[in-house]
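Engineer: If you scroll down you'll find the structure; I have some questions about it.
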Amino acid sequence: MKDDYIHQGKRKQLVELLRKKGIADEAVLQAMNRVPRHLFMDSGFLEHAYVDKAFPIAADQTISQPYTVARQTELLEVKSGDKVLEIGTGSGYQSAVLLEMGVQVYTVERQNELFKKTSKLLPRMGYRPKKMVFGDGYKGLKEFAPYHGIVVTAGAPELPKDLLAQLKVGGRMVIPLGKTTQIMTVYTRKGETEFEKREYGAYRFVPMLEDKN
Ligand code: SAH
């Protein structure tokens, strides 16, 4: 698992591109500059790892586009020490970015094949989420709630109510909502029963599906 100067150089260029595309949070950009994205992809094809595109991984899923990861992480507005629940572990790349920021990561994946693969890969690279769970992300992870942030990395056809309930007051949930295309939506918990909703443009995600597989 090597990360040489060629990878590092390409990654720096990608980070500069993200900056040009409007990502302004330095903590996010620095974390993405440190995570070797090529090691999260099956083939390790250099030419695909550091372009701003999604790429197929196992079980018909994709590693999200770097810009999307950056944007979702930025919208979470979390800092070192905060607890974040991620729905859709996938390749583990988003988890790694959060871990580089010092965030405590709890992550759920519904595809057993991916769950098994990524549970091995992350620790081998030195990335240690607090918890990696094989389960249905629609239910969240109640045992460890509440969270400062919740990030959903699959397109949710409708709002999963259980997730909102697991947010700390003051916390934010970043979720792409919609059936064929999704609107990046942020819910901020203002009080026990009070939420503020904001929208941040259209994206295209693999669908969030119910249950385990
Ligand atoms: N965060 C990932 C993105 C992977 S794509 C990364 O950085 O690579 C979205 C992932 O969400 C897929 O792995 C998919 O299997 C998973 N997923 C879809 N529905 C889910 C659900 N209900 N619970 C948990 N994970 C889900």
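The values are calculated or read from the model by the stated rules, or taken from the named source; none is laboratory data. Remember, predicted model here, so these are calculated numbers, not experimental data. Cβ coordinates were reconstructed from backbone atoms using ideal geometry, including for glycine residues, and neighbour counts include every protein chain displayed. With ligands, DNA and RNA removed, areas are computed over all heavy atoms of the protein, side chains included. Shrake-Rupley method; radii C 1.70, N 1.55, O 1.52, S 1.80 Å.
Engineer: So what's the gap between the Cα centers of the stretch 113-147 and the stretch 1-59, to the nearest angstrom?
Structural biologist: 22 Å
Engineer: For ARG19 and ARG34, calculate 0.36 nm times their separation in residues minus their Cα-Cα distance, and state this gained length in nm to one decimal.
Structural biologist: So the chain would gain 3.9 nm between ARG19 and ARG34.
Engineer: Counting only C-alpha contacts under 8 Å and six or more residues apart, can you give the relative contact order of the stretch 20-160 as a whole percent?
Structural biologist: 24 percent
Engineer: With +1 assigned to the C-beta of every Lys and Arg and -1 to the C-beta of every Asp and Glu, and no other charges, what is the dipole magnitude of the chain about the Cα centre in debye, to the nearest 20?
Structural biologist: Charge dipole of the chain: 320 debye, to the nearest 20.
Engineer: I've got another one for you. Excluding PHE45 itself, what net charge comes from residues whose Cβ is under 13 Å from its Cβ, given Lys and Arg +1 and Asp and Glu -1?
Structural biologist: Once all neighbours under 13 Å are counted, the net charge is +1.
Engineer: Got a sec? Charge dipole of the stretch 54-203, +1 on Cβ for Lys and Arg, -1 for Asp and Glu; which of THR188, GLY201, GLY178 is way out at the positive end?
Structural biologist: Of THR188, GLY201, GLY178, it is THR188.
Engineer: What nm distance separates the two modelled labels at LEU209 and GLU113, each placed 7 Å from Cα along Cα→Cβ?
Structural biologist: 1.0 nm
Engineer: Hey, another quick one. Hey, any idea what % of the stretch 54-203's accessible area is carbon plus sulfur with a 1.4 Å probe?
Structural biologist: Whole-percent figure for carbon plus sulfur exposure: 49.
Engineer: Of all beta bridges DSSP finds with both residues in the stretch 1-135, what is the antiparallel percent, to the nearest 5?
Structural biologist: The antiparallel proportion sits near 20 percent.
Engineer: Compute the angle between helix 66-76 and the longest alpha-carbon principal axis of the chain, please, reported from 0 to 90 degrees and rounded to the nearest 10.
Structural biologist: For helix 66-76, the angle is close to 40 degrees.
Engineer: Which FRET efficiency, nearest 0.05, do LYS53 and TYR5 yield, Cβ-Cβ r, R0 30 Å?
Structural biologist: 0.85
Engineer: Give me, ordered by chain and number, the residues 5 or more places off GLY135 or on other chains with an amide H under 5 Å from its own placed amide H.
Structural biologist: GLU109, ARG110
Engineer: Specify the residue with the greatest mean-square fluctuation among GLU143, GLU199, GLU100, computed from a Gaussian network of the chain linking alpha-carbon atoms under 10 Å apart.
Structural biologist: GLU143
Engineer: What is the spin-label model distance, in nm, from LEU159 to LYS120 if the labels are put 7 Å beyond Cα along the C-beta direction?
Structural biologist: Placing both labels 7 Å along Cα→Cβ, they lie 4.1 nm apart.
Engineer: To test your reading of the geometry: what angle, between 0 and 90 degrees and rounded to tens, separates the Cα axis of helix 5-20 from the longest principal axis of the chain?
Structural biologist: Taking the Cα atoms of the chain, the angle to 5-20 is about 40 degrees.
Engineer: Seen from all sides and averaged, what is the projected area of the convex hull of the Cα atoms in the chain, in nm²?
Structural biologist: Mean projected area of the Cα convex hull: 10.5 nm².
Engineer: Quick check for you: with a 1.4 Å probe and neighbouring chains kept, what is the accessible area per residue of the stretch 54-203, in Å²?
Structural biologist: Per residue, the stretch 54-203 has 42 Å² of solvent-accessible surface.
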